[in-house]
Protein chains: 2
Amino acid sequence: MDEGRTPPHPDLAQVGLQQVLEALVDPVRRGIVTQLATAGADIRCGDFDLPVSKSTATHHFKVLREAGVIRQYYVGTSRMNALRDTELDGAFPGLLAALVTAEAGAPATT
Amino acid sequence: MDEGRTPPHPDLAQVGLQQVLEALVDPVRRGIVTQLATAGADIRCGDFDLPVSKSTATHHFKVLREAGVIRQYYVGTSRMNALRDTELDGAFPGLLAALVTAEAGAPATT
């Protein structure tokens, strides 16, 4: 793991509800979050099931990272994604759980 | 109360998470929802504390109504607004409560 390549991550105390909601209003980004929550494990960027191109997916990962929703780190050449669920639930209690629950019951967005 | 003037309201079973989130991602609309939740009572359109013009506010009320978040009805010449909190919590458990809680702890959006 190369610390020098790890992108910056915000402190969740510095992220507002508005930024988190703008990240989560996008159905592709909610798909990323739901897949992380369902897997209960970190997922490589290339291993998500997403209906967009790789470059578009990279943009979505960046928006989620900058909103404090996911943490990204490298293992070798793989960029991994972790859901910051505990931190998010501390900053916005119940929000992530409500969205994941609603998404699980919603029709597919692809 | 004039039923003929009551605008149409969707069945929440027909409203998707995407439409509800697009309604609630706007800070003015979250302000309307938070004021209704805090008041615990229905509020006249003219009695909200909103940082926008009357015509812009009318648009925001319409978006919330069409997303199933509020119910609008007339009492005399006053258009009243009610939060569909029980129905929303049935369709998207915990979502409204999480947003109202987060909004209460967030800095003012005005």
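Derivation of every value follows stated rules applied to the coordinates shown; laboratory data play no part. Note that the structure is a prediction, hence the values are computed from the model and not measured. Note that each Cβ is placed from the backbone with ideal geometry, even for glycine, and that neighbours are counted across all protein chains shown.
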If each label sits 7 angstrom from Cα along the C-beta direction, how far apart, in nm, is B:Y74 from its counterparts in the other copies? 6.6
Determine the shielding of peptide A:79-92 by partner chains: average, over its residues, the number of Cβ atoms on other chains within 10 angstrom of each Cβ. 1
How would you classify the protein assembly as shown from its alpha-carbon gyration tensor, with a ≥ b ≥ c the square roots of the eigenvalues: rounded for a/c under 1.5, else prolate if a/b is greater than b/c, otherwise oblate? prolate
Positive end of the charge dipole of segment A:12-88 (Lys, Arg +1 and Asp, Glu -1 on Cβ, about the Cα centre): tell me which of A:V75, A:T86, A:Q14 has its Cα farthest that way. A:V75
Given the -39500 (n - 2.57) contribution per DSSP H run of 4+ residues, what per-residue ellipticity at 222 nm results for chain B, rounded to the nearest 500 deg cm²/dmol? -14000 deg cm²/dmol
Max mean-square fluctuation residue, GNM over chain A, Cα-Cα springs under 10 Å, options A:Q19, A:Q72, A:Q35: A:Q19
Using a Gaussian network model of chain B whose springs link C-alpha atoms within less than 10 Å, name the residue from B:G90, B:G46, B:G76 with the highest mean-square fluctuation. B:G76
From the label point of B:V52, set 7 Å from Cα along Cα→Cβ, how far away are the matching label points in the other copies, in nm, ordered shortest to longest? 2.5
Find every distance from the label point of A:A39 to the corresponding label point in the other copies (7 Å from Cα along Cα→Cβ) and write them in nm, one decimal, shortest first. 4.6
Using only the Cα atoms of chain B, build the gyration tensor, take square roots of its eigenvalues as a ≥ b ≥ c, and label the shape rounded, prolate or oblate: rounded if a/c is under 1.5, else prolate if a/b is larger than b/c, else oblate. oblate
